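I have placed the structure first, in the form of structure tokens, so that the comments after it can refer back to it.
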Amino acid sequence: ALAAALHNIPGWNDPAQPRPAPTDWEAQQSGQYQAVVGLVKFPAFVWRQEAESRAGGNMSWNTGVDYDAMLRNSPYLKEVKELYAKAGRSLKSDLNALDKAPRTRADASAVGWMSRTSSFTGRLTKPQLDIHTTGDALIPVQSESAYRRAATAAGSARLLRQRYVDNAGHCTFSPGEQIAALHTLEDRITTGHWAYSDPAALNSRAIEADPMSPARYLPYSPAGYPRPYDRT
């Protein structure tokens, strides 16, 4: 649960899982564990190896990271505290161990390559509609708040809209939800305005496009992303 909270991995992150109750900490931790295992198996090794080969070295670091502060800002802080208390373990002790552990420094040339080729500037030139599932373990939904910050800082906020789908998994949108997003973006390009782009309107479009598939857009404001994100 602690590792998951530091990456904002939700407890419900697989549509095949039963959705845990809001305070069913054990079930949430079980779902997080499965996600962490999957992330370590593929993104942390296979995809990471490819990224490092392209960048020419290690492009990330944890020097200067305050894990205690990251946890305090995580939406899963209460879950972590409750599980530690139930297990009779010291959260403070584990955070101190993280704080004292050896740190990893990045290779400056690899960071430079990633900054030039793969970081988000927020400088949009065309309308963009992001849709994101709330139960995404691969790309936590909180990354949307960081992307909005980058777009706002670059003066592009008017071109960006972000909408959220109440489902687990990465990009597990129904056909109707996808078509609704496409038509909304097409309308923005045609009219120059973001009309009928709220969750209720998107759900209406989704039902019209495919009455047999779910329409699960909802009002949602993601918490802050726990790591540096935008190009500065």
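Show the residue pairs meeting these rules: Cβ distance below 8 Å; 6+ apart or different chains; first residue within segment 108-136 and over 12 Å from residue 55 (Cβ atoms) and free of Cβ contacts under 8 Å to residues at least 24 places away in the same chain; second residue small (Gly, Ala, Ser) and in a helix (DSSP H, G or I).
Pairs that qualify, where the first residue is over 12 Å from residue 55 (Cβ atoms) and free of Cβ contacts under 8 Å to residues at least 24 places away in the same chain and the partner is small (Gly, Ala, Ser) and in a helix (DSSP H, G or I): there are none.
Are there any helices (runs of 4 or more DSSP H) wholly within segment 79-167 with 3 or more residues that are at pLDDT below 95, and if so which?
Working: elements: 91-100, 108-117, 143-153.
Passing ranges, in order: 108-117, 143-153.
Filter segment 201-221 down to residues that are of a type in the set (D, E, K, R) and not in a helix (DSSP H, G or I) and give me whichever is nearest to residue 179 (Cα to Cα).
Narrowing segment 201-221 to residues of a type in the set (D, E, K, R): 205, 208, 210, 216.
Next cut, not in a helix (DSSP H, G or I) only: 210, 216.
Details: 210: 8, 216: 13 Å.
Among those residues, the one meeting the criterion is 210.
Conditions (1) over 23 Å from the mean Cα position of the chain (by Cα); (2) surrounded by 13 or more Cβ atoms within 10 Å (Cβ to Cβ), marked per residue:
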| site | (1), (2) |
| --- | --- |
| 30 | no, yes |
| 42 | no, no |
| 90 | yes, no |
| 107 | yes, yes |
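Of all residues in segment 1-22, count the ones that are under 23 Å from residue 70 (Cα atoms) and either touching a residue at least 12 places away in the same chain (Cβ under 8 Å) or of a type in the set (D, E, K, R) (or both). Don't jump to the end; show me each part of the working.
Pass one, segment 1-22, residues under 23 Å from residue 70 (Cα atoms): 1-13, 22.
Checking which are either touching a residue at least 12 places away in the same chain (Cβ under 8 Å) or of a type in the set (D, E, K, R) (or both) leaves us with 1-13.
Total satisfying the criteria: 13.
Taking residue 51 and the conditions (1) over 30 Å from residue 96 (Cβ atoms); (2) of a type outside the set (Asp, Glu); (3) assigned to a loop (DSSP other than H, G, I, E, B), which numbered condition does it fall short on, given that it satisfies the others?
Evaluating residue 51 over (1) over 30 Å from residue 96 (Cβ atoms); (2) of a type outside the set (Asp, Glu); (3) assigned to a loop (DSSP other than H, G, I, E, B) leaves (3) as the failure.
In segment 61-80, is there at least one residue being free of Cβ contacts under 8 Å to residues at least 40 places away in the same chain and within 25 Å of residue 117 (Cα to Cα)?
So far as segment 61-80 goes, yes, one or more of its residues are free of Cβ contacts under 8 Å to residues at least 40 places away in the same chain and within 25 Å of residue 117 (Cα to Cα).
Consider only pairs whose beta carbons are under 6 Å apart and that are at least six residues apart or on different chains; among these, list those whose first residue lies in segment 149-160 and is free of Cβ contacts under 8 Å to residues at least 60 places away in the same chain and whose second residue is part of a strand (DSSP E or B) and crowded, with 17+ Cβ neighbours inside 10 Å.
If the second residue must be part of a strand (DSSP E or B) and crowded, with 17+ Cβ neighbours inside 10 Å, the pairs left are 151/160.
Identify, by number, the condition in (1) part of a loop (DSSP other than H, G, I, E, B); (2) in contact with an Asp or Glu (Cβ under 7 Å, 6 or more places away or on another chain) that residue 172 doesn't meet.
(2)
Restricting attention to segment 11-33, report how many residues are under 21 Å from residue 165 (Cβ atoms) and either among the aromatic types (Phe, Trp, Tyr) or out of contact with any Ser or Thr (no Cβ under 7 Å at 6 or more places or on another chain) (or both). Show your work before the answer.
First, the residues of segment 11-33 that are under 21 Å from residue 165 (Cβ atoms): 11-22, 28, 31-32.
Next, only the ones that are either among the aromatic types (Phe, Trp, Tyr) or out of contact with any Ser or Thr (no Cβ under 7 Å at 6 or more places or on another chain) (or both) stay: 11-14, 16-22, 28, 31-32.
Qualifying residue count, segment 11-33: 14.
The values are calculated or read from the model by the stated rules, or taken from the named source; none is laboratory data. Bear in mind that the values here come from a model prediction, so they are computed numbers and not experimental data. Virtual Cβ from ideal backbone geometry, glycine too; neighbours counted across all protein chains shown.
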